[in-house]
Each structure stands twice: as C-alpha cells, then as structure tokens.
Amino acid sequence: MRALRPRLLGLATAAAVLAGGTPAFAVDGNLPGGTSISVDVTGPAAGTVVPRGPVTVTGTAAVGTGVAVKDTALTYVVDVSGSTQNGCAGGTILSCEKSAVANLNTVAAATDSVVGAVGAVVFGSAAATVDVSPAPGDQLLTTPGADDNGNGVRDVQEAVGSAVTGGVTQFTGRSFGSGTSFVPAVQAAGTVTAAQTEAHKLVLFLSDGFASGDVTGLAGAVPANVDYLTFAVGPGSACNGGDYNASLQAIADLTGGTCTPVPDPANLPGVVPGVIASKLTELTLSVDGGAPSPVTNVTAGLPSTGPAQVSYSVDTGFLESGTHELCVTARGTDGGGAGSVADCTTVVVNDPPTVVPGGPYAGQEGGAVSLAGTVTDPDGPSLSTSWTATPLSGVDSGATCVFSAPNALNTTVTCDDDGVWTLSLSANDSLHPAVVATTTLSLTNVAPQVGISAPADGTLVPRGAPVTVTAPYSDVAAHDTHTCTVDFADGSGPVPGTVASGTCTATRSYSTVGAHNVLVTVTDDDGGAATATVKVVSYVRAEAWSLSSSGLLSVSKRPHATCPPSSDLTTQTVNILGLGSVKALHADCALDVRDGRTDAGAEVSSASLLGGAVTVSDIEVNCTADGSGLAGSSRVGTLNGQQIGTTPRTIGIPGVATVHLNQAVVGPNGQYAHYAVRVVTLLGQEIVLSGCRMGF
C-alpha cells in the first residue's frame with residue numbers, strides 16, 4: 001500500500017533499536033495497524049558460554065495478545081444504488097453490505113481492537129456522509145463500540161443499518177439518485193477521513209456495479225495515511241470493468257490499497273472483517289546480522305491468525321569460537337499492513353581445551369614413573385583433568401595402575417605388571433565432550449626376589465635325613481606367575497620346587513657327606529629370575545672308645561668320645577676284675593662343620609686281659625667320613641709279644657679266645673665300624689680295645 005511504506009520503515013527502525021541489546025524479556029511492538037506483536041528469545045540466556053557447533057534457540061512469539069494501539073480509523077463506504085436491491089442470501093446486496101459492515105465493526109469494537117474511530121458514507125448517483133451518532137448535530141465520527149442511545153445496537157451499525165436505496169435514514173436522513181458514481185463517494189470519504197485523528201486510516205469501499213467518472217484525478221486529494229480497500233460485490237461488478245480510470249481498482253491503486261472481487265455477495269460479511277485481522281506470518285533467525293533464515297519448527301504453526309501465541313525452536317549453523325548475536329524476528333500483518341519485531345541474545349562460543357599427555361614414558365613394573373601432561377584452555381571456564389591407564393600389549397590379565405594424584409597434570413603412575421600401557425589424559429571444561437589424548441607407558445619386567453628361610457646357612461644335616469628347603473619370594477608384579485627349581489648340589493641337577501603362597505619348597509636327602517651349596521631359582525612368567533643359596537653340610541654320627549666289653553661281664557665304652565659335638569677324652573688306667581687291666585686310654589671324635597668331615601679315633605698303650613692270657617701293646621684305631629665315603633684304619637703293636645702292624649688278622653689262643661686284629665665291619669645301611677682288637681672268648685665274652693663307628 002502507498003501509505004504503508006513509510007510506517008513500515010518507522011517500525012523497522014524501532015525493531016532495530018530493540019534488537020541492539022540483549023534484553024531478558026520479550027520485545028513487544030505493534031504492527032502498522034496497531035496490533036500487538038512480540039517475540040521472546042527464552043534460550044540461551046544472554047552471555048551463555050557454549051561449545052563450538054550449532055546452538056539451539058528457543059522462545060515464543062505472539063500477535064494480538066498484548067495491548068493494541070488504537071491508532072486506526074475505519075470509514076465504511078456503502079453502495080446504495082438501485083442495483084443493490086438484487087438478491088443476496090435471502091436478502092439483497094445492500095443487506096449483505098450492511099451485514100459485512102456490522103461484522104467488521106464488531107471486530108473493531110473488541111477491547112483489543114486497534115480501531116479508535118469509525119465513520120460512514122453512502123453513495124449512489126451522489127454521496128453523503130452518515131450521521132453516526134444520536135447526539136445532536138451531524139456527527140461524522142464515533143467509536144466502533146458506542147451505543148449512546150442505549151438501545152443495544154452500536155450507533156454506527158444502527159446508522160449504516162438504516163441505509164436504503166438512494167440514501168440513509170439514521171441518525172440524519174440523506175437521499176440522492178440511485179445511479180452509481182465513485183467520484184462523489186471518494187470525496188465524501190475524504191471528508192470523514194479528514195476528521196479522523198488516528199495515524200492510520202482505512203476506507204472500506206463496497207460497490208456492486210460500475211461507475212463513470214475519472215477517479216484518478218483524486219490522487220492528490222487522498223492523504224498518504226489513507227488506504228482504500230475496495231470490494232467488487234456480486235457478478236455485476238468487477239475491480240476493473242473496462243475503464244480503468246473509473247474503476248474500483250483505480251481507487252485502490254491511488255493509495256496502494258487492494259481491490260477484492262466478491263462474486264457471491266453472500267460471502268461479503270465473511271470477507272470484509274479480515275481487513276483488520278492480524279496474523280503472525282513468519283519467524284526468522286539471523287546470526288551476527290547475517291541473512292535471515294526461516295524458523296520452521298513452530299508450534300502451532302504459521303501463519304497464525306491473532307490473537308495467537310506460538311513457541312519455536314531453531315538451530316543455528318556451526319558457530320566457531322567468539323561472541324555471536326542471535327536474533328529472532330517475528331513478522332506479521334494487520335489492517336495496517338506488515339510489520340516486524342526482533343529479540344536478540346548473545347552466546348560466547350568456547351574452544352575445547354588442548355591436551356598433551358607427554359611421553360611416551362618408560363620405566364619398570366612396580367616402580368613409580370613420573371608423568372608431565374599439559375592442558376591449555378585460554379577461554380575457560382575452569383576444567384577438570386584425570387589420568388587413566390589401560391593395558392595395550394603384553395600385560396597380564398587383572399593388572400592395574402595407580403596414580404599418586406590422578407587429577408593432577410604432574411603425577412606418578414605405578415603399575416603392577418610389565419608390558420605396554422595406554423595412558424589417557426582427559427580434560428573436561430563442562431561444555432564440550434571430554435577431550436582425551438593418549439600416549440604409551442612401556443614397563444620392563446622386574447625379576448622377583450627370593451630368600452631362603454630354612455634351613456639356616458651352614459646347617460648340619462645327618463646323611464640320609466630329609467632336608468626341606470623353604471624359600472619365600474616376592475615380586476612387585478602382583479599378577480606374575482612363578483616357577484622354581486632347587487639344586488641340592490648333590491650331582492643330580494635342579495629339581496622342580498613346589499610354589500604356593502609366595503614360597504618355593506623342595507625336599508631331598510643326602511647320601512653322601514660334604515658341604516652342599518643349595519641353589520634356589522624363582523622365575524616369573526616374563527622370564528625374570530632370582531636366586532638364593534644356602535650351605536647345607538651333610539655328615540654322619542661317629543663314636544670312638546678305648547675299651548668296651550659285652551657278654552658275661554659288660555663294660556660300657558670308656559672313654560667314650562662321640563660327635564657331634566666334638567669330644568676328646570683320656571683315662572689313665574682301667575682295672576676290671578675278671579677282665580684285666582688297660583692303661584693310657586684315649587678317645588676323640590671331631591666333626592668339621594665346614595665340610596662335614598668326621599674323624600674318630602681311640603688309643604690304648606697296653607692291656608693285659610683274661611688273667612694275662614692276652615697281652616697287647618701300642619693299639620690305635622681311626623675312622624674317617626668325608627665326601628669320598630666312610631673308611632677306617634688301625635694298628636696293633638704286639639699281641640702276646642708278636643708284632644702285628646696294620647694288617648687285618650685273626651689269631652686263636654687255644655683254650656682261651658679268638659683275637660680279631662684290624663677288623664673293619666660294614667653294615668647293611670652303610671654303617672661302618674673298625675676295631676683294632678676284638679677278643680671273643682670261648683664263653684662268648686667280647687672285649688674291644690680301640691674301636692670306632694660311623695653312620696649308626
């Protein structure tokens with residue numbers, strides 16, 4: 001419309017002022033006709049910090065729900081020519097015109113209407129203004145809802161309703177010819193609009209026919225704030241009937257208005273009220289003053305006829321870091337034309353943190369490895385960091401890592417198994433998904449540690465007795481598995497040990513005499529091995545004595561030296577009634593704890609036995625046990641004056657006894673005995689001079 005353009009510019013300027021800030025409430029405005037229009041950006045709140053990417057903008061918009069500005073005036077121009085007596089929905093065209101005016105005025109009389117004043121004109125061959133009030137005088141204007149005579153009918157509707165062919169009867173009668181002429185009708189309408197003070201003036205021009213007379217000459221007489229909306233009513237009328245300069249279309253075009261053909265006059269009462277109806281027609285979003293894009297997610301859809309309120313949601317495009325202004329513009333129309341209002345908010349797009357975990361790192365299993373990560377996030381906000389570790393390769397099942405301070409950038413990590421681990425450093429600024437960067441931690445195997453708790457180093461073990469080696473071990477790798485072997489150093493090689501509860505055990509008996517460096521080896525499943533040794537000395541028990549007797553007369557061994565422990569004994573003389581006399585008796589037994597060697601020996605200088613029947617001198621015996629085995633030797637000086645030496649011999653003394661000299665005896669279990677002199681009488685009495693035994 002001609003008159004709408006400057007008013008739209010004015011509203012656009014006001015909207016721009018509103019959009020220049022970031023209010024926390026709806027931006028309200030009015031369409032050119034005065035209808036309220038508003039838009040509200042409810043989210044995000046101004047200054048909200050968001051991650052990079054699309055941002056969802058939500059809010060509401062409304063038309064006709066707020067306070068209307070009653071800055072529109074209506075002038076009803078009704079054709080009362082003779083042709084309006086033609087039929088219309090059980091009446092006449094004139095009655096349909098009056099119904100259309102009544103319907104429009106009912107809308108104008110509503111409390112939220114933008115219409116402040118109304119007037120009316122009737123025309124035929126000539127035209128006249130209508131007296132629209134029962135007040136004295138000729139009243140050009142009234143309000144749309146006025147009922148000054150209190151008869152229940154709005155005054156302007158009562159006045160227009162009194163229209164008849166060629167005139168009107170209320171509230172002051174008017175009459176003229178029943179022909180059709182548009183020029184006087186426009187002139188009479190100008191009288192009414194000149195009296196109206198509203199900024200926006202609409203003239204509703206209804207006619208069912210054609211007219212003569214050039215209306216284009218009236219262009220200069222119609223003010224810029226007056227818009228003509230013409231209606232060609234019925235089949236006998238048209239917006240442009242052939243002579244454009246005399247047409248309803250020309251009248252509309254003079255003011256930038258519209259001409260609407262209504263071929264069926266019965267539709268006129270439903271069409272005309274729409275001239276001041278409001279609509280919310282479009283919502284658009286613009287980012288940083290860029291080109292607007294339509295908002296399509298609107299409930300309950302657009303366009304919406306006022307009064308109406310809708311909610312909306314729209315996503316921006318991908319937003320990079322920085323501050324962005326997001327503006328939603330609501331556009332609508334009313335009887336005054338199109339207008340818009342905008343609300344804006346701002347968001348600050350935040351960059352995600354940059355994470356550098358450092359590394360790759362290396363160390364040993366079970367040992368603390370220092371980590372030094374860095375996180376940068378210059379645009380904030382405050383963030384949290386954390387380390388995690390997961391097995392990558394060569395790590396035993398169930399192995400774990402512990403961080404001394406898992407949320408600190410500089411920390412240490414200790415893992416209980418070797419292999420390659422993935423270390424992840426995560427930073428979360430609560431806006432973006434957590435940013436995670438990874439590196440590797442390569443840990444080498446640490447061999448277990450082992451010690452021998454039993455036997456103690458240097459333990460003496462009798463030959464043939466079981467020796468159990470107990471070797472507790474430990475490993476910093478809690479998930480390693482272990483095997484062990486024990487080499488008892490007896491020439492048979494290592495044997496598998498039993499592993500249980502962190503201890504290796506194995507049992508062996510020694511069949512020889514000597515020192516044995518027992519070696520325990522514990523090996524983990526990664527090939528790391530640890531060893532421990534303990535010295536075990538195997539030995540045999542030994543004894544030596546100078547004199548003993550068994551049989552009819554029993555004499556205990558004397559002096560009796562045994563080992564272990566080592567002993568050294570001497571007796572000068574032993575006289576035993578019925579047996580004899582023995583002089584200078586000596587016996588000793590010594591065990592070398594270093595190598596298990598045992599030496600046992602006994603000496604007698606001389607002896608007279610069995611009443612002098614057996615005399616012996618210079619007697620000695622020795623027994624030795626070492627790594628080569630058990631052995632002995634003896635020497636006898638003389639027997640009854642006969643030289644003997646070291647050679648084993650048996651000599652009989654008739655009628656008295658048998659004498660065994662330098663005799664060695666080996667038992668079934670490897671025991672060894674050696675006797676220098678062993679006398680056996682005819683009655684079974686046995687006497688030993690200088691004897692020794694081992695391994696008993």
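The values are calculated or read from the model by the stated rules, or taken from the named source; none is laboratory data. Keep in mind that this is a model prediction, so the values were computed, not measured. Note that each Cβ is placed from the backbone with ideal geometry, even for glycine, and that neighbours are counted across all protein chains shown.
Worth pointing out:
- For region 74-84, the set of residues classified as under 14 Å from Ser207 (Cβ atoms) and either in a helix (DSSP H, G or I) or not polar (S, T, N, Q) (or both) consists of Tyr76, Val77, Val78, Asp79, Val80, Gly82, Ser83, Thr84, listed by residue number.
- Any chance Gly358 is in contact with a strand residue (DSSP E or B) (Cβ under 7 Å, 6 or more places away or on another chain) and assigned to a loop (DSSP other than H, G, I, E, B): yes
- Candidates Thr169, Thr191, Thr230, filtered to the one that is among the polar types (S, T, N, Q), more than 60 Å from the chain's Cα centre (by Cα) and within 12 Å of Val121 (Cα to Cα): Thr191
- Scanning region 197-220 for residues that are within 22 Å of Gly337 (Cα to Cα) and touching a Gly at 6+ places or on another chain (Cβ under 7 Å) returns Glu198, His200, Leu202.
- Just one residue in the set Ala194, Ala211, Ala221 is under 24 Å from Ser95 (Cα atoms) and in the same structural domain as Tyr76 (by TED's automatic domain parsing); that residue is Ala211.
- Matching option when the condition is farther than 24 Å from Gly527 by Cβ and under 54 Å from the mean Cα position of the chain (by Cα), among Ser474, Ser492, Ser453, Ser501: Ser453
- Region 42-64, residues that are β-branched (Val, Ile, Thr) and outside any strand (DSSP E or B): Val55
- Of the strands (runs of 3 or more DSSP E) lying entirely inside region 613-668, those containing at least 3 residues that are under 23 Å from Glu543 (Cβ atoms) and hydrophobic (A, V, I, L, M, F, W, C) are 614-626, 629-639, 657-666.
- Filter result for Val467 (more than 30 Å from Ala625 (Cβ to Cβ) and either in the same structural domain as Val522 (by TED's automatic domain parsing) or at pLDDT 95 or above (or both)): no
Rundown of residues vs (1) charged (D, E, K, R); (2) within 30 Å of Ala199 (Cα to Cα); (3) in contact with an Asp or Glu (Cβ under 6 Å, 6 or more places away or on another chain); (4) modelled with pLDDT under 95, yes/no style:
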| residue | (1), (2), (3), (4) |
| --- | --- |
| Pro269 | no, yes, no, yes |
| Leu280 | no, yes, no, yes |
| Gly301 | no, no, no, yes |
| Thr305 | no, yes, no, yes |
| Leu319 | no, no, no, yes |
| Gly335 | no, yes, no, yes |
| Val348 | no, no, no, yes |
| Pro353 | no, no, yes, yes |
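- With respect to (1) at pLDDT below 90; (2) in contact with a strand residue (DSSP E or B) (Cβ under 8 Å, 6 or more places away or on another chain), the lone exception for Cys88 is condition (2).
- Unique residue being small (Gly, Ala, Ser), buried (at least 23 other Cβ atoms within 10 Å of the Cβ) and more than 34 Å from the chain's Cα centre (by Cα) when the list is Gly339, Gly301: Gly339
- No other residue among Val132, Val67, Val121 is closer than 20 Å to Pro184 by Cβ, assigned to a loop (DSSP other than H, G, I, E, B) and not hydroxyl-bearing (Ser, Thr, Tyr) apart from Val132.
- Residues (under 19 Å from Ala478 (Cβ atoms) and in a loop (DSSP other than H, G, I, E, B)) located in region 382-400: Gly394, Val395, Asp396, Ser397, Gly398, Ala399, Thr400
- All positions within region 285-329 that are outside any loop (DSSP other than H, G, I, E, B), of a type in the set (Gly, Ala, Ser) and within 30 Å of Pro378 (Cβ to Cβ): Ser286, Gly322
- Gly217 satisfies every condition listed in (1) assigned to a loop (DSSP other than H, G, I, E, B); (2) small (Gly, Ala, Ser); (3) modelled with pLDDT under 90 except (1).
- Evaluation of Ser95 against (1) within 17 Å of Leu229 (Cβ to Cβ); (2) without any contact (Cβ under 8 Å) to a residue 60 or more places away in the chain; (3) of a type in the set (S, T, N, Q) (one fails), failing number: (1)
- Residues that are within 12 Å of Ser313 (Cβ to Cβ) and buried (at least 16 other Cβ atoms within 10 Å of the Cβ), drawn from region 45-60: Val55, Val57, Gly59, Thr60
- In region 67-108, the residues that are of a type in the set (Gly, Ala, Ser) and crowded, with 19+ Cβ neighbours inside 10 Å: Ala68, Ala73, Ser81, Ser83, Ser95, Ser99, Ala100, Ala102, Ala108
- In region 640-674, the residue that is nearest to Ser511 (Cα to Cα) out of those that are crowded, with 20+ Cβ neighbours inside 10 Å and either touching a Leu at 6+ places or on another chain (Cβ under 8 Å) or in contact (Cβ under 8 Å) with a residue 60 or more places away in the chain (or both) is Tyr672.
- Residue selected from region 426-442 under the condition surrounded by fewer than 17 Cβ atoms within 10 Å (Cβ to Cβ) and at pLDDT below 90, by the criterion nearest to Ala408 (Cα to Cα): Ser430
- Any chance Ala471 is touching a Cys at 6+ places or on another chain (Cβ under 8 Å), touching a residue at least 12 places away in the same chain (Cβ under 8 Å) and under 27 Å from Ala500 (Cβ atoms): yes
- Residue tally, condition outside any strand (DSSP E or B) and either at pLDDT 95 or above or out of contact with any Asp or Glu (no Cβ under 9 Å at 6 or more places or on another chain) (or both), over region 401-417: 6
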